[in-house]
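Novice: Before we start, here is the structure in question, set down as structure tokens.
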Amino acid sequence: MIIDRETAFDVRAFRQALGQFPTGVCVVTCVADGEQLGMTMSSFNSLSLDPPLVLFSIDRRSAGLPLWQKAASYTINVLSENQKDISNRFAKPLSNKWEGMRFEQGRSGAPVLPGAAALFDCEPWARHEAGDHELFIARVKHFRSFADRQPLVFGKGRYASLQPTEFAAPLWPLDIHY
Ligand SMILES: Cc1cc2nc3c(=O)[nH]c(=O)nc-3n(C[C@H](O)[C@H](O)[C@H](O)COP(=O)(O)O)c2cc1C
């Protein structure tokens, strides 16, 4: 393993290294104390198949964190490649994120964004403090996937689109769920 000790704790270099791992982009939504919340997140990931668990993490400086901690359900809206504007809107600390937004009410009560590539309706499973973020583990109650829609990708600090190669990953989707 090569660790460059000069850059190991250089936050900028650390972020740059993390940006070499592309992710999808989600808007995670919930309702708490009658307030509707939505936040752009790339920290969403799969965690367990049985039980079906997923995770995401929220910056502890987020003003909405106390409400996220109270929420009885969350909807994870996995954005499509044509939803960059929605990603940008929910990545800003605005009080009027929902103004003019089209959305439906999901099974759990949290807002669902039309046009998403996949939707996961979840309930809280566990929460852990993790440094400057709080880790949310959620149990998936219902999900929908729209295979004809391409997911939005985020890597190296930029949005991108998927360009599949002809090579399938070994064993997918039998033994691994990534
Ligand atoms: C592509 C992308 C991914 C993001 N992922 C996360 C994340 O996983 N967790 C997080 O706390 N903030 C993440 N952010 C930043 C939040 O979306 C941003 O700070 C937002 O303003 C937080 O909402 P709030 O102001 O309502 O707290 C991300 C931003 C972008 C553009």
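What follows draws every value from the coordinates through simple rules; no lab data is involved. Note that the structure is predicted; figures quoted are calculated from it, not measured. Neighbour counts are summed over all protein chains in view; Cβ atoms, including those assigned to glycine, are modelled from backbone coordinates with ideal geometry.
Novice: Report ³J(HN,Hα) in whole Hz for each residue of segment 148-153, in order, from the Karplus equation J = 6.51 cos²θ - 1.76 cosθ + 1.60 where θ = phi - 60°; Gly and Pro get x.
Specialist: Going residue by residue, I get 7, 9, 8, x, 6, 10 Hz, with x marking Gly and Pro.
Novice: Summing Lys, Arg as +1 and Asp, Glu as -1, what charge do residues with Cβ under 13 Å from the Cβ of Ser87 carry, Ser87 excluded?
Specialist: Here the charged neighbours net out to +3.
Novice: To continue, here is another question. Within the chain, which is the longest segment that contains none of the GluC sites (Glu not before Pro) sitting in a DSSP loop with at most 11 other Cβ atoms within 10 Å?
Specialist: The answer is 7-98.
Novice: Same structure again: Among the trypsin sites (Lys or Arg not before Pro) in segment 86-124, which ones are in a DSSP loop with at most 14 other Cβ atoms within 10 Å of the Cβ? Mind listing them?
Specialist: Qualifying residues, ordered by number: Arg102, Arg107.
Novice: Okay, moving on. Going by how many other beta carbons lie within 10 Å of each one, how would you line up His128, His133, fewest first?
Specialist: His128, His133
Novice: Moving on. Counting other C-beta atoms within 10 Å, which of Thr40, Thr29 has the fewest, and how do the rest follow?
Specialist: Thr40, Thr29
Novice: What FRET efficiency would be calculated for the residue pair Arg15, Asp59, taking the C-beta separation as r and a Förster radius of 22 Å, to the nearest 0.05?
Specialist: Step by step, r from the Cβ atoms, then E = 0.95.
Novice: Sequence-distant or interchain residues sharing an amide H contact under 5 Å with Leu79, placed H: which?
Specialist: For Leu79, the qualifying residues are Val25, Cys26, Val27, Ala117, Leu152.
Novice: So, R0 is 41 Å and r is the distance between the beta-carbons of Phe167 and Ser43; what FRET efficiency does that work out to, to 0.05?
Specialist: 0.90
Novice: Give me a comma-separated list of calculated 3J(HN,Hα) values for segment 160-167, in order, Karplus coefficients 6.51, -1.76, 1.60 applied at θ = phi - 60°, integers in Hz, x for any Gly or Pro.
Specialist: 8, 10, 6, 10, x, 9, 7, 8
Novice: If each residue of separation counts as 0.36 nm, what is the full-extension length gain between Asp33 and His128 once their alpha-carbon separation is subtracted?
Specialist: Difference between extended and current length: 32.0 nm.
Novice: Moving on. Label the chain by shape, choosing from rounded, prolate and oblate, from the square roots a ≥ b ≥ c of the eigenvalues of the Cα gyration tensor; if a/c is under 1.5 it is rounded, and otherwise prolate applies when a/b is larger than b/c, oblate when it is not.
Specialist: Because its axes are fairly even, with a/c under 1.5, the chain counts as rounded.
Novice: Same structure, new question: Given Cβ point charges of +1 (Lys, Arg) and -1 (Asp, Glu) and nothing else, what value in debye, to the nearest 20, does the dipole of segment 23-155 about its Cα centre take?
Specialist: 120
Novice: Right, here's the next one. Ranked from highest to lowest mean number of other Cβ atoms within 10 Å per residue, what is the order of the peptides 9-16, 69-76?
Specialist: Put in order of decreasing packing, that is 69-76, 9-16.
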